[in-house]
Each structure stands twice: as structure tokens, then as C-alpha cells.
1. Tell me which residues, restricted to the stretch 116-151, are over 25 Å from the mean Cα position of the chain (by Cα), closer than 15 Å to residue 204 by Cα and surrounded by fewer than 18 Cβ atoms within 10 Å (Cβ to Cβ).
2. Condition test on residue 258, is it touching a Pro at 6+ places or on another chain (Cβ under 6 Å) and assigned to a helix (DSSP H, G or I)?
3. Would you confirm, using the coordinates I've provided, whether residue 214 is assigned by TED's automatic domain parsing to the domain that holds residue 188, among the aliphatic types (A, V, I, L, M) and touching a residue at least 40 places away in the same chain (Cβ under 8 Å)?
4. Which condition number does residue 379 fail, the rest of (1) crowded, with 16+ Cβ neighbours inside 10 Å; (2) part of a strand (DSSP E or B) being met?
5. Starting from the stretch 128-146, keep only residues that are within 11 Å of residue 208 (Cα to Cα), then list their pairs with residues that are part of a helix (DSSP H, G or I) and of a type in the set (Gly, Ala, Ser) whose Cβ atoms are within a distance under 6 Å, requiring at least 6 positions of separation or different chains.
6. Can you tell me which residue within the stretch 187-225, out of those that are among the basic types (Lys, Arg) and farther than 19 Å from residue 160 by Cβ, is modelled with the lowest pLDDT?
7. Quick check on the stretch 141-163. Is at least one of its residues in contact with a Leu (Cβ under 9 Å, 6 or more places away or on another chain), β-branched (Val, Ile, Thr), modelled with pLDDT of 90 or more and not in a helix (DSSP H, G or I)?
8. Pick out the one residue from 317, 290, 301 that is closer than 16 Å to residue 224 by Cα and in a helix (DSSP H, G or I).
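The values are calculated or read from the model by the stated rules, or taken from the named source; none is laboratory data. Just so you know, these numbers come straight off a predicted model, no measurement behind them. Note that each Cβ is placed from the backbone with ideal geometry, even for glycine, and that neighbours are counted across all protein chains shown.
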Amino acid sequence: MIEIGIVGKPNVGKSTLFSALTMHEVPIANYPFTTIDANIGVGFVRVDCVCHEFGVKDNPRNSCCIEGKRFIPVKVIDTAGLVPDAWRGRGLGNQFLNKISMSDVIIHVIDLAGSTDIEGKPAPPGSHDPLEDIHFLERELVMWLYKILEDNWHSLEKSYFHRKIELSQALYSIYSGVKIDIQHIESALEKLDLKNKKPSSWTREDKINLAKYILINSKPILLAGNKLDIPISEKNLDRIKDAGYNIIPISALAELTLRKLANDGVIRYIPGDSNFKVINSNAITDRMEKGLTIISRLMQKFNGTGVQSLINYAVFKILDMIVVYPVRDPNKLTDRDGNVLPDAYLVKRGTTLKEFAGIIHSDLAKNILYGIDVRRKVRIKSDYVLRNNDVISIVTVK
């Protein structure tokens, strides 16, 4: 399952975002280190389900379908707030950097209102520059990877000099535990022209730059601009965009409020919708009505709360995933138990049919004969490159 990590300094709304994405209750309070252990939950990307195209009523197993919108699970990890020098272990930093290391993409939550200082302590809105937080986190992640390299330097030299292991392979043995592929390392070595330079001659700057490019290659970072409801946030949002950063504006609190009210039957709201509808006005207090009015205005301006767009962007734009629906019966669109369109898989664009079969089960890949493109009613070879929203049936040796 895809893993998405949520990071940022204290009090920027990480836990609120995590709760909104997963509806998993975590302590939420306005002080540093409210999150004292990494929280792990399941969030969902939203896509248009193919059930409407095929005119069927589906009953999913590994995902869910709400009014033609398929919600496919991804793992979400929330960590404690990071503070300056977290890479040195300050503020439980190393513990949570290690937790986040297995993420496929990192969401960095920014306080757009500038209402928290660099340590994450409450401050008047506009008193802190959110751009500083972006630079701070980039440095913490780079220095964390640099520290891993320094801590294992003796092991690297031993492998490279005495065991005659390729440099990229020696580095991979150090970084493989934090979900970094050898291709990420080779690309960084090429970029910095370090491939043919003996490690014994590397400077501290060489090592830090290597960590920087390994980070860029292996841990894509998506900025989430939170606290959108505070007026100064829009000005800071424009400044961050002008600085060349890609940032998704969100209101985690608005999304969490809407999901809770929808669960309680007070409103009708499907995550990712651009609006909501009150269906139980008797349950709405004056205070709730004022809050919903503010949320409604925000959603009209930004076409929603931004939270669903955030996770969708991470999965489909940054990780470049597509959705594939496997079925056993190409005519009824069912599995062996009669479930209609039972599963929706997220796979990397460029995945072949045989590779996909292996994702489902290793034996399926070993015994594959061909596939059937259900939409076109044609056979496809095992090297067929899957396309988004493909509905396929895999035929194996009996």
C-alpha cells in the first residue's frame, strides 16, 4: 500500500489533517508535542468509479464506492512536530524522521497564517514567515540523511575499499533501510560527479549535497498550506507560489468538521465535494451555523477544503499512479464470489499486465497466459502496458 507521511513543525495542523483524512481520533491541542507517537491510519484517494460507465451496481472489497465515487485506501503516517535540529535528535526528531522514512511521498504542512514561530509556539497571525518553515524542513531532512551517512561512514569505507563493492551498492546498503532505491543513489552520484571520486576525498559539502540529491530523488515533498480560513493566509499563499513552490491550500479543520457532521447525519458531504447540504437542521446550533457559513464561503472560493485534492495530487500527480480494476468474469465483471468490480488497485503508470498480476499474487504472474481488456473485449499480451481505469481479466494456465 502507498504510504504518505505528514510532517511539519508543532501546531500547524498535522494531527487535524491526519484525523480529517483517516477519521482516526488523535489528541489535538495547541501546544508542541501533542503527538507523542507516530499515528498510522488509512486515508483514501477519490476517483470516478467505472461502475456508471458499465451500468452496474458494484460491491467493492478493497475500497468503497459512494454515489459513483470510488475511494481507494492509502496508508497515512502522522508524526510529532519537528523543531530546529530535529536531525540531531532534538524534540524526538530522529525517532519520527525514521518513522517517516518509509513514506513514498511526504506532505509538509505549513501554517499559512504565520501564527506559529519556528519552534511551533503560538504567535500573532502574520508574525512569522511560512517560507522559513519550508527551508527549515528541507534542511532537517537533508541533514538527517547526511547524519545517516556520517554514522555509517566506517562501514561504507570498509565495503568500498576492502570488499571492492561498487560505490552505489555500498551507499545503498546504508540507505536501503529508509526506503531509498539504488537508482536514487546512482542518479545523485551522477549529478554531483562523485561516482569516480574516492569517498576518502569527499568534503563535508560533498556529503551534504549527496544527501540533498538523494532526498530530491527519493522523497518527493508536497506542501500543504493550512489555516486557510485566517485572512492573511491568502497573501502568504501567493508569496509561496511566487517563490516557485508548488503548494496545495487546505483547511484541515473545515474538512474534519464536515466529515464529522456527515458521519453524524447532520449534513450530506462526500469527501472531495465542493459543497455540502444540511439534511438535519434540528441538529444545527447557532454556533454550528456560523461555523458552517464560514466553511461554505471558503469552499466556494477554493472549490472545496483542499484536503481531498491534496491526497489525490500526492498519489496521481507526484507518484504518477493509475487505477486498475481486475475481475475474474469479464462478462459479469465479478470475482469468484460474485462481487461486482470488487477491487481497485493503485499501480505505477507504465506497469505491465504481468507485473500487475504479480502485485495481486506471485502465482498469478507465474501462470499468466494473457489478459482480456473488458472494455474493448480483446485479448492483451502479458507485456501490455496498463492504462488508467482499465478493467481487465487475467487468464492463467489451468
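1. Hits for the stretch 116-151 are 150, 151.
2. Values: touching a Pro at 6+ places or on another chain (Cβ under 6 Å): no; assigned to a helix (DSSP H, G or I): yes.
No.
3. yes
4. Unmet for residue 379, out of (1) crowded, with 16+ Cβ neighbours inside 10 Å; (2) part of a strand (DSSP E or B): (1).
5. Pairs that qualify, where the first residue is within 11 Å of residue 208 (Cα to Cα) and the partner is part of a helix (DSSP H, G or I) and of a type in the set (Gly, Ala, Ser), are 142/211; 145/211; 146/211.
6. Filtering the stretch 187-225 for residues among the basic types (Lys, Arg) gives 191, 195, 197-198, 204, 207, 212, 219.
Applying the additional criterion that residues be farther than 19 Å from residue 160 by Cβ yields 191, 212, 219.
On the way: 191: 92, 212: 94, 219: 87.
Here the residue is 219.
7. Looking through the stretch 141-163, none of the residues is in contact with a Leu (Cβ under 9 Å, 6 or more places away or on another chain), β-branched (Val, Ile, Thr), modelled with pLDDT of 90 or more and not in a helix (DSSP H, G or I).
8. 317
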